[in-house]
Structure formats: structure tokens, C-alpha cells
1. Which one of the conditions (1) surrounded by fewer than 22 Cβ atoms within 10 Å (Cβ to Cβ); (2) within 9 Å of chain A (Cβ to nearest Cβ); (3) not small (Gly, Ala, Ser) does B:Tyr162 fail to meet, given that it meets all the rest?
2. Only one of A:Pro98, A:Pro94 is away from every other protein chain (no Cβ under 12 Å), part of a helix (DSSP H, G or I) and touching a residue at least 40 places away in the same chain (Cβ under 8 Å); which?
3. So which of B:Asp104, B:Asp84 is farther than 25 Å from A:Arg252 by Cα, in contact with a Leu (Cβ under 9 Å, 6 or more places away or on another chain) and among the charged types (D, E, K, R)?
4. Go through A:Ala169, A:Ala148 for me and flag whichever is over 29 Å from A:Pro76 (Cα atoms), without any contact (Cβ under 8 Å) to a residue 12 or more places away in the chain, within 12 Å of chain B (Cβ to nearest Cβ) and part of a helix (DSSP H, G or I).
5. Given the criterion at pLDDT below 95 and either within 19 Å of A:Pro140 (Cα to Cα) or within 14 Å of chain B (Cβ to nearest Cβ) (or both), identify the matching residue among A:Val27, A:Val57, A:Val10, A:Val79.
6. Which helices (runs of 4 or more DSSP H) sit wholly inside the stretch A:1-90 and have at least 1 residues that are buried (at least 16 other Cβ atoms within 10 Å of the Cβ) and out of contact with any Asp or Glu (no Cβ under 9 Å at 6 or more places or on another chain)?
7. Quick one: in the stretch B:130-145, of everything that is under 21 Å from A:Leu144 (Cβ atoms) and of a type in the set (Gly, Ala, Ser), which residue is nearest to the other protein chains (Cβ to nearest Cβ)?
8. Out of A:Ile250, A:Ile227, A:Ile191, I need the residue that is farther than 20 Å from A:Pro140 by Cα, under 21 Å from the mean Cα position of the chain (by Cα) and at pLDDT 95 or above. Which one?
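The values are calculated or read from the model by the stated rules, or taken from the named source; none is laboratory data. Since we're looking at a predicted model, the values are computed, not measured. Please note: Cβ atoms are built from the backbone with ideal geometry, for glycine as well, and neighbour counts cover all protein chains shown.
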Number of protein chains: 2
Amino acid sequence: MTVPGKLYLVPAPLDFGCDTQTALDRVLPAGTLAEAARLSQWICENARSARAYLKRVGELHPLASPLQGLCFQELPREVHKKGDHGPSSFDARPLLAPALAGGDMGLLSEAGMPAVADPGASVVRAAHELGIEVVPLVGPVSLLLALAASGLSGQSFAFVGYIPQDADARTRRIKELESLALRTGQTQIFIETPYRNAALLDALVRTLQHNTRLAVASGLTLEDAIIRSQTVRQWRQRIQAPELPAVYAIGR
Amino acid sequence: MTVPGKLYLVPAPLDFGCDTQTALDRVLPAGTLAEAARLSQWICENARSARAYLKRVGELHPLASPLQGLCFQELPREVHKKGDHGPSSFDARPLLAPALAGGDMGLLSEAGMPAVADPGASVVRAAHELGIEVVPLVGPVSLLLALAASGLSGQSFAFVGYIPQDADARTRRIKELESLALRTGQTQIFIETPYRNAALLDALVRTLQHNTRLAVASGLTLEDAIIRSQTVRQWRQRIQAPELPAVYAIGR
């Protein structure tokens, strides 16, 4: 019987879509780069950006196979949008055929850690079902960098994804999260895309109570990193929405 | 007026207290190691282990100051136990005097990322209050590695710390977390120390429903890493408690 290969969860830098790119060894351990350089079978969101990432890896650690010889399987499009974390999500087992045949594989997302605020959970779950060992590698995770840099509680926290876009639903959700954070002490973390940062920050500053603490982080690990953490009263004196994807955290 | 220095959040490897140590560059980017090697003013939980860590860093990146010249301020003992995440926690501002005088400083915890499931939030909060820039560096975070490797939802999750030790309170808490995870789809993550892993795992397997998914991770990034993720029904067929500090996650 063939011993199956392993599934490596390979983190990517947080500079996706940015004008300037980070040197990979500033944010990825040599151990992670060496493993990534060794793998030739990949599962990813987008083959083109996965190839571009591995080209950058190859500049630091020679790739075991030439770029042209790497094999990329893309996660289906609906997974990018809706996520693939539910038990009734699509069946990722066929993607893992190369691992069942004995080869190691890599799972890669567009930025940060696969399966954390990004697709990939269905692949990891399928690996467990098939008896394929899962090996998470170290790299940047924007949520956790933001939480650590916020000064809010890291002993109890929740990541809740995106806030609704509809104004009324957004206000209700913000109040609900604030109430939870103040009552239980559980820091509430959420994310927003660049073009909605201004609307979200405006709603937060209008809706939250004076003394609630709000932290906003964007571009962490990049040249133009921003991390501001202060009370809503202080935010009101100077509101400036970030221009990159941002992580928000509220707490007491 | 003196321009203040920055506060770097410096991650540590996850091998604290283990028999064999990880090569630092397997889990810490060269960028993180280079910043750590440059800093001479430190805030830490324990000066002795901080010095041991920097000795290891120095073997890869020459330290800017000799080990004997590094300055370590320890967080007060009550902070280690109770945490320092509350607004009424101790006042960490005096610890940051070297930064106010213009020098860069490092904040270090015993393992993983400072201020995430570890003390440090009070120092970060004080830095924001004093206008000291906070720079989180990339390194291993056991909670996030475990979550990614669990195959449970990383689109919505909560870290809730430790589960009560008292048997009745423990059962109640496990049921409460399971109900939350199944109802809302929010993965519930918690941690346990080695000598209580057997009792906790036993309680989980007895209390949770057949089809609930339970993931247990320990020693991630180390030689003897374990990550098992399966239904409670499957767990019942072979219960084996990890011997290292462990991360637990339940979800649907």
C-alpha cells in the first residue's frame, strides 16, 4: 500500500495587490520557504498568483521542479466567495489524489494563512478524512498581528468576518458586537475591503459608545503599516480610513 | 523633543520546556530574527528564558549588544497568572521609559506571540497611550496553526482560553461551547496544560454529541507534532491525550 504524502499549509505574504512587495524572508521563515520550494503539487485559489508567489520563493530557495513543471489545481469559484468551511461544502477529496499517490502537496491562499479568513478548510478536512497528514507552516496572519498590536484582550477574542453592507443591518451588527465585547470582555475582530473602509469606520465612530476601544490595522508587515488603537472619543477627533484591506477590533 | 522609539512584538518558538528545540529559522523569518538581534531593551515574562532565547537568536544573527549588556524588565507576577488584558490592569507605562527616551524596545512572551493567549496587552495599550509605535513581527502562533490545520471554520471562530477544572462546571462549559459552535458555526478554540489534557479530552468525548467535530493539536512546528480532527464518534474509538500543551477546537 502506498504511504500517502503530506498536505502542507503554506502561508503567503500580505502584500497581494500592493504596489510594493515585501522581501519574502522578512515575513516567512527559511523553513517555510524551503518546504514551499520543494513542493510541485499545489491547490490554490488562483494558479496565476500562486505561480508568481513561487517565482519569488525560487529567488531565495531554488525550486525542486522548474516553474513550468509545477502543477496547480484551483479551488472552484464559488468557494472563493462563499467560503468552504461548512460540512456541506464541496467535496475536496479528488484534489488530493496526488497525495494519495504518495506525493507531498501544498495548499496556498492569496495572502496569509490558508483556511483562516480564507478558503481551504474543505481541503484540510478532506485530508483528515483520507488519512493525509496536515502540516501547517509558519507565516503572517493579518488577524493575529492586528490583535497583538491592538492592546485589546488576546485572552478571549472572536473573529466574525465581514460586517453587513446595508446601513441598518450594519448598525445593528456593530451594536451587537459592542455589547458582546463590553459584557463578556471578548475582543471582536472583523475585516473590510479597501473601498468600504470609509463607510465602515464612519458607522463605527457614530455607533459605538465614547469609551469603547476601537483598533484599526492595515498593511501590517508592509512599508505603510498602520495600527491605531484608542477610545471612540479619541477616534472622533481624527477619522482617517485606511486605503488597504483592514482589520478592526473592538473591546473594552 | 525626543522622537520615541518603537515597541516590537517579538514572537518566540513553541518549544518552551520541550526536550528538543526547534531550529529558530524554521519558525521565525530572517526579518524577525534581525530585528530581535538589534534590540537591547526588553520587556518579558521571565528574564532568564528571554536571555536564553536571545542567545539562540545570536547564533543566527549577531546581537548588536553582547548578552550581558541586554536589559530585561519582567512583567509583574500577578500578570502571568491573571493576564493583563483588562482596562483596570496594572499600569505598564513606566516599563516603556526607554522607548520614550528614544530607544526601540522588544516585548517577548515565553512562547508564540506576545499578547495573544499570553500577557503583554497592557504594555501594548500603554504604548498606544504614549504615542509609541507598535510593530508586530511574524512568528508562530499555536492557536492559528491549530485552527488552520483543523479543517474547521476559519471564517468565524473564537478563542475562549481555558475550560474550568471542576467537573460539573467543565461539563456545563463544554455543552455551552458546543451549542454555540453548532448553532452559529463559530469554531470554539481553547487550550489546556499537559497534565490536564487527559481529563479534558475524556470530558469532551463523554459530553459532546456524536457528530460534533473535535480537533486536538499539540507540538505544532515541533518534531512530535500531533493534529487529529474528526467526529466525536471517531474519537471514541481511540482516545489518546497529548503530552504537550494542546489546542482544542470544536465545530460542525
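1. In the conditions (1) surrounded by fewer than 22 Cβ atoms within 10 Å (Cβ to Cβ); (2) within 9 Å of chain A (Cβ to nearest Cβ); (3) not small (Gly, Ala, Ser), B:Tyr162 misses (2) alone.
2. Numbers: A:Pro94 fails: touching a residue at least 40 places away in the same chain (Cβ under 8 Å).
Just one listed residue meets the conditions, A:Pro98.
3. Numbers: B:Asp84 fails: farther than 25 Å from A:Arg252 by Cα.
Of B:Asp104, B:Asp84, the one residue that is farther than 25 Å from A:Arg252 by Cα, in contact with a Leu (Cβ under 9 Å, 6 or more places away or on another chain) and among the charged types (D, E, K, R) is B:Asp104.
4. Details: A:Ala169 fails: within 12 Å of chain B (Cβ to nearest Cβ).
Unique residue meeting the criteria: A:Ala148.
5. Working: A:Val27 fails: at pLDDT below 95; A:Val57 fails: at pLDDT below 95; A:Val10 fails: at pLDDT below 95.
Matching residue, one of A:Val27, A:Val57, A:Val10, A:Val79: A:Val79.
6. Values: elements: A:24-27, A:30-38, A:47-60, A:77-82.
Qualifying helices (runs of 4 or more DSSP H): A:24-27, A:30-38, A:47-60.
7. The initial filter retains those residues of the stretch B:130-145 that are under 21 Å from A:Leu144 (Cβ atoms), namely B:132-145.
Subsequent filtering for residues that are of a type in the set (Gly, Ala, Ser) retains B:139, B:142.
Details: B:Gly139: 7, B:Ser142: 10 Å.
Ranking the qualifying residues of the stretch B:130-145, first place goes to B:Gly139.
8. Details: A:Ile227 fails: farther than 20 Å from A:Pro140 by Cα; A:Ile191 fails: farther than 20 Å from A:Pro140 by Cα.
From the options A:Ile250, A:Ile227, A:Ile191, the qualifying one is A:Ile250.
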